[in-house]
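Chemist: Here's a structure for you.
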Amino acid sequence: MPASIDNDIYGADFTLGADTAMNRIVESIDHLSSTMRSHQRIFVVEVMGNTCGWLSIMTSISCISDYMLIPEDPPEDWKKEVLENIRFAQKHGKPGMFIIISEGSIDKQNIKIQSSEVVDFIKSYNIDVRLLKLGHVQRGGPTSAFDRILGTLSGIKAFEELFTDLVPRVVLFKDGDLDLYELEHIIEMNDSLKKYQQEKQYNKIIQLRGNLFKTLHRIYNTIISNKKDNRALFMEDINLKLLVQDNIHLKINMIN
């Protein structure tokens, strides 16, 4: 029964602890929203996840962040992209903004992007910015209802497996159901993820993250592109029509 707030286990849509951590991050950002608006301030929020951007991408969609950095999708020029998003917000009168950065974020050269580096870059333009490192707050606190249910059902599934063959297996939650997968295969695929990162094969990494991650990544990029095209100035202005109008995959899989 894998437990990881990073949600970085191959084949699993959710691992134990990930939903609780995500809720903790969203709560923290929600509490900052009023300060962000009243002071017209930028917050750079560093999120855990190691080399997996699941927490960051889920948080970015939940909290309508204006920019996001994750290990699976390194930017060509993060400084240019950050500044463009800030200037866009300023031009259209948005009172502050959130930038979410996964702790394992890298650029195209596999060079780590530090959250403090992002803050220092923004400060160099005399822009009011603050860094929020949630740290181990993400690992603590009351367990979410989803994680309680997932843990209980996973335990029952694992107990039932004790009375079958002795092939080592893991219980994973995938596509809305719990199933058993050979441990050796899961370990091999996790090792492949590390190999692909070293080889800078980011498309393969996203593929191995699973269908849920791919869909979330596609949705966020669609939202960002709509914003840049002025069809929705801010993340808050996005509606379902704007989200799917130029995305055939989303039309087929989410509307039909």
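Chemist: Please turn the phi angles of the stretch 63-79 into ³J(HN,Hα) values with the Karplus equation 6.51 cos²θ - 1.76 cosθ + 1.60 (θ = phi - 60°), one per residue in order, whole Hz, x for glycine and proline.
Modeler: 9, 6, 5, 8, 7, 9, 10, 9, x, 6, 9, x, x, 5, 8, 5, 5
Chemist: From the phi of every residue in the stretch 8-15, what ³J(HN,Hα) in whole Hz does the Karplus formula 6.51 cos²θ - 1.76 cosθ + 1.60 yield, where θ is phi - 60° and glycine or proline is x?
Modeler: These are the phi-based 3J(HN,Hα) values: 10, 8, 4, x, 9, 6, 9, 10 Hz.
Chemist: Just one of (i) 154; (ii) 121; (iii) 132 is volume of the Cα convex hull per residue in Å³ as worked out from the coordinates here. Which one is it?
Modeler: (iii)
Chemist: While we're on this one: Listing 36, 1, 97 from the residue with the fewest other Cβ atoms within 10 Å to the one with the most, what is the order? Don't jump to the answer; show the numbers that get you there.
Modeler: Numbers: 36 18, 1 13, 97 24.
Exposure proxy ranking, most exposed first: 1, 36, 97.
Chemist: List the residues whose amide H sits under 5 Å from the amide H of residue 106, counting only those 5 or more places along or on another chain, with H placed 1.01 Å from N in the peptide plane.
Modeler: Long-range HN contacts for residue 106: 113.
Chemist: Which of 178, 166 comes first, and how do the rest follow, when ranked by fewest Cβ neighbours within 10 Å?
Modeler: Values: 178 14, 166 7.
With the fewest neighbours first, 178, 166 line up as 166, 178.
Chemist: Here's another thing I want to ask about it. Taking amide H positions as placed 1.01 Å from N in the peptide plane, with prolines and chain starts having none, which residues 5 or more places from residue 4, or on another chain, fall under 5 Å of its amide H?
Modeler: 16, 18
FYI, it's all coordinate maths here, none of it is from the lab. Keep in mind that this is a model prediction, so the values were computed, not measured. Cβ: placed from backbone, ideal geometry, glycine included. Neighbour counts: every protein chain shown.
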